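Asker: Structure incoming, see below.
The values are calculated or read from the model by the stated rules, or taken from the named source; none is laboratory data. Since this is a predicted model, take the numbers as computed values, not measurements. No Cβ is skipped: glycine too gets one built from the backbone with ideal geometry, and neighbour counts run over all protein chains shown.
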Amino acid sequence: MQIVLIEGDGIGPEVTQAACRVVAATGVKVDWVKAPAGIPAATQFGEPLPEETLEMIRRYRVALKGPCTTPVGKGYRSINVRLRQGLELFASVRPVNTMPGVKTPYEKVDLIVVRENTEGLYAGLEHEVVPGVVESVRLVTRGAAERIVRFAFELARHRGRKLVTFCHKADVMRLSDGLFLECARAVADDYPFIQFEEKPVDNVCLELAMDPSGFDVLVMENLFGDVISDLAAGLIGGPGPGGGLGLVPGANFGTRYAVFEAVHGSAPDIAGKGWANPIAVVRSAALMLEHVGRGEAGARIERAVIRTLQAGVGLTRDLGGDGTTTTITEQIIKNLGA
Ligand code: NAD
């Protein structure tokens with residue numbers, strides 16, 4: 001089977017190579033079709049997200065992606081935002097669960113963050129009105145709002161989840177989140193067998209910090225979803241820098257294409273040092289295998305990751321170990337067979 005591989009930059013090549021090794025060790029034959037993006041593509045082609053990369057994903061439908069750096073406030077627009085918009089990858093799914101063997105103050109986290117991926121403040125509609133005054137448009141359309149909430153309910157239904165929490169700020173952003181909330185309520189009506197609740201996003205942050213165990217599926221607009229994903233990752237993380245970022249996988253789904261990637265970024269502070277934790281990308285590859293009908297191999301990877309964390313051998317610094325990307329990858333591969 002052919003799957004597009006975007007290595008990205010920073011720690012991207014290190015962690016995606018680790019994921020490819022783990023996938024190969026399951027026995028699933030994947031013919032990786034490499035596609036450029038990020039700093040190497042910008043240097044080589046003068047374009048960080050070449051059109052041919054989008055074309056390859058359109059052809060093969062599925063991609064595994066490493067993180068790509070976005071310079072702050074200048075240069076090119078976020079590759080990730082452009083990729084999600086260009087391929088209509090409207091839903092970002094990030095399962096955040098406590099991993100056995102990783103000691104955190106929270107023991108029972110098992111939630112899924114579903115984020116609208118194409119609109120909101122990340123729609124990229126910004127302009128300077130006059131020097132010193134800029135405006136960003138917070139785009140909400142009925143179609144996209146209903147689509148993402150329905151996606152969250154369908155996910156809950158298929159995964160046996162009991163509760164969907166819609167996070168918003170409709171009391172302040174009366175028009176934009178008012179519309180989103182109205183859409184969420186209308187869609188929730190179609191799923192009387194799944195519990196629905198609506199909560200202001202600031203309350204959600206407070207409750208996540210106090211006791212995240214009550215949350216199940218959370219659905220929200222783009223910016224809130226970006227922030228809540230990292231917050232949730234921090235709840236399940238190890239003692240080292242980066243918290244749980246090295247553990248949380250992710251997937252971006254559209255109606256035709258799917259791109260699997262970790263929540264974390266390119267981690268330029270540790271790039272090239274061999275310290276990157278590959279688990280988030282390895283678990284993203286497991287989600288990818290499930291998506292292409294190789295769920296058993298994906299489940300084997302997930303079990304191997306759990307065994308590796310429980311054994312505590314070869315772990316990277318973020319997990320409190322002194323191992324490297326290579327040592328932890330070798331442990332995961334070893335534990336595949338156990
Ligand atoms: P980051 O996630 O790259 O790093 C935050 C912290 O977590 C750093 O201390 C880093 O060392 C640590 N960390 C992250 N992943 C780790 C891993 N796998 N193992 C061990 N430690 C890990 O966030 P940032 O520094 O804010 O972003 C860096 C760049 O990445 C920015 O240009 C940003 O735009 C980009 N980014 C890309 C994506 C993506 O491609 N999907 C996502 C987020 C950020």
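Asker: Taking GLY240 and the conditions (1) within 12 Å of the ligand (Cβ to nearest atom); (2) assigned by TED's automatic domain parsing to the domain that holds GLU55, which numbered condition does it fall short on, given that it satisfies the others?
Answerer: Of the numbered conditions (1) within 12 Å of the ligand (Cβ to nearest atom); (2) assigned by TED's automatic domain parsing to the domain that holds GLU55, the odd one out for GLY240 is (2).
Asker: Residue by residue through segment 228-237, note down the ones that are away from the ligand (no atom under 11 Å from the Cβ) and either surrounded by fewer than 24 Cβ atoms within 10 Å (Cβ to Cβ) or in a loop (DSSP other than H, G, I, E, B) (or both).
Answerer: Listed by number, the residues that qualify are ILE228, LEU231, LEU235, ILE236.
Asker: Please state which one of LYS65, LYS108, LYS103, LYS34 is within 17 Å of the chain's Cα centre (by Cα) and either of a type in the set (D, E, K, R) or buried (at least 22 other Cβ atoms within 10 Å of the Cβ) (or both).
Answerer: So the residue among LYS65, LYS108, LYS103, LYS34 that is within 17 Å of the chain's Cα centre (by Cα) and either of a type in the set (D, E, K, R) or buried (at least 22 other Cβ atoms within 10 Å of the Cβ) (or both) is LYS65.
Asker: Just a yes or no: is a residue in segment 244-260 within 7 Å of the ligand (Cβ to nearest atom) and touching a strand residue (DSSP E or B) at 6+ places or on another chain (Cβ under 6 Å)?
Answerer: Looking through segment 244-260, none of the residues is within 7 Å of the ligand (Cβ to nearest atom) and touching a strand residue (DSSP E or B) at 6+ places or on another chain (Cβ under 6 Å).
Asker: List, please: which pairs have Cβ atoms under 6 Å, are six or more places apart or on different chains, and start with a residue in segment 269-289 that is of a type in the set (D, E, K, R) and end with one that is more than 10 Å from the ligand (Cβ to nearest atom)?
Answerer: Filtered contacts from segment 269-289: ARG283/PRO249.
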